[in-house]
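To keep things clear, I will list the structure first and then write my remarks on it.
The values are calculated or read from the model by the stated rules, or taken from the named source; none is laboratory data. Everything quoted here is computed from the prediction, not taken from an experiment. No Cβ is skipped: glycine too gets one built from the backbone with ideal geometry, and neighbour counts run over all protein chains shown. Side chains included, ligands, DNA and RNA excluded: accessible areas come from the protein's heavy atoms. Shrake-Rupley method; radii C 1.70, N 1.55, O 1.52, S 1.80 Å.
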Amino acid sequence: MRKTIVIIGAGPGVGFAVAQRFGKEGYNVALLARSEEKLDNLVKQLEEQEISVASFYADVLDRNSLKDALSAVKKQFGSIDVIEFSPTPSMETMRTPRNIDVENAAFHLDFQLLSAITVVQAVLPDMLSKKEGSLLFTTASSAQKPTSLTASFGIAAGALLNYIRVLNNDLLSENIFAGIVSIGGLVYNTSEPDQELLKHFPQGMPVISSKEVAETHWKMHSEKKENEIILGKTFAF
């Protein structure tokens, strides 16, 4: 039976590239996101590449919708073997340290950490039963070194990073892997980065292909050695 990867927060960047990479290896691909229009477009592109794919509505801030979507994936494909978690909050939600209030901090913790825990708790029982599975996460390098500009995001990303660290240590003996890829730079989805876009960012900002991120996830999953990888670099601004 084919194995299945679920991509939470699927979009045209990292999520799509991960779907392509795992789909190339024969995995069923389940895409979870809020936008049906976006999901339909991604499904169409993946089907054109003869990848087994389906989409499911889910809002990471709505725990019941997450659980329902994961149940629907299992019903359709029979199992969930890998998850890749990469929802991204909008820039409008970012706060500098002095402007973080309880409401904003709670939003980011809910968006990144509590939603991730919801997903893990939904898929973990079956993985423990089979003694097999991979829990993959994508965040920014501000998880390791938070920056002032996106401090509210960095606080929650750091919490997610530490959750993955202890989760992997806890599950290693069960042959279940938890790993995280932190991106320190701009991700581009085209054959070459957009030079006009780069002009709006600090000089020397690394550019990283979404395919490189996907390949890193595949290597992390298949080799199960390193469980924390930074692509690009950490910043201090």
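So if I place +1 on the C-beta of Lys and Arg and -1 on the C-beta of Asp and Glu, and nothing else carries charge, what would the dipole magnitude of the chain be about its Cα centre? I want it in debye, nearest 20.
480
Between GLU215 and ASN169, what FRET efficiency follows from the Cβ-Cβ distance if R0 is 25 Å, with the result rounded to 0.05? Plugging the Cβ-Cβ distance into 1/(1 + (r/R0)^6) gives 0.50. Once the Cα atoms are used to define both axes, helix 210-223 deviates from the longest principal axis of the chain by about 50 degrees. Taking the alpha-carbon distance from LYS219 and a cut-off under 17 Å, which lysines remain once sequence neighbours fewer than 8 residues away in the same chain are dropped? Cross-link targets: LYS3, LYS24, LYS211.
Coupling constants for segment 141-149 follow from the phi torsions by the Karplus curve (6.51 cos²θ - 1.76 cosθ + 1.60, θ = phi - 60°), and in residue order they are 5, 5, 5, 7, 9, x, 10, 5, 4 Hz; glycine and proline get x.
The Cα center of segment 108-141 and the Cα center of segment 1-58 differ in position by 18 Å.
Round to a whole number: what % of the accessible area of the chain belongs to carbon and sulfur, probe 1.4 Å? Ligands and nucleic acids excluded, carbon and sulfur reach 50 percent.
Using the average count of surrounding beta-carbon atoms within 10 Å as a protection proxy, the listed peptides 209-220, 61-72 rank, highest first, as 209-220, 61-72. In terms of the Cα gyration tensor, with a ≥ b ≥ c the square roots of its eigenvalues, is segment 148-192 rounded because a/c is under 1.5, prolate because a/b exceeds b/c, or oblate? Oblate, since a/c reaches 1.5 and b/c is not below a/b.
For segment 15-82, the Cα-based Rg and Dmax, in that order, read 11.6, 32 Å.
Diagonalising the gyration tensor over the Cα atoms of segment 50-151 and scaling each eigenvalue by 5 before taking the square root yields semi-axes of 30, 14, 13 Å, largest first. Any idea what angle helix 115-130 forms with the longest principal axis of the chain, computed on alpha-carbon atoms, 0 to 90 degrees, nearest 10? Tilt of helix 115-130: around 30 degrees. Using Cα-only point scatterers and the Debye equation, what is log10 of I(q)/I(0) for the chain at each q in 0.07, 0.11, 0.13, 0.17 Å⁻¹, rounded to two decimals? Here the Debye-derived log intensity ratios amount to -0.21, -0.53, -0.76, -1.34. Were the residues from LYS145 through LEU128 laid out at 0.36 nm apart, the gain over their Cα-Cα distance would be 2.9 nm.
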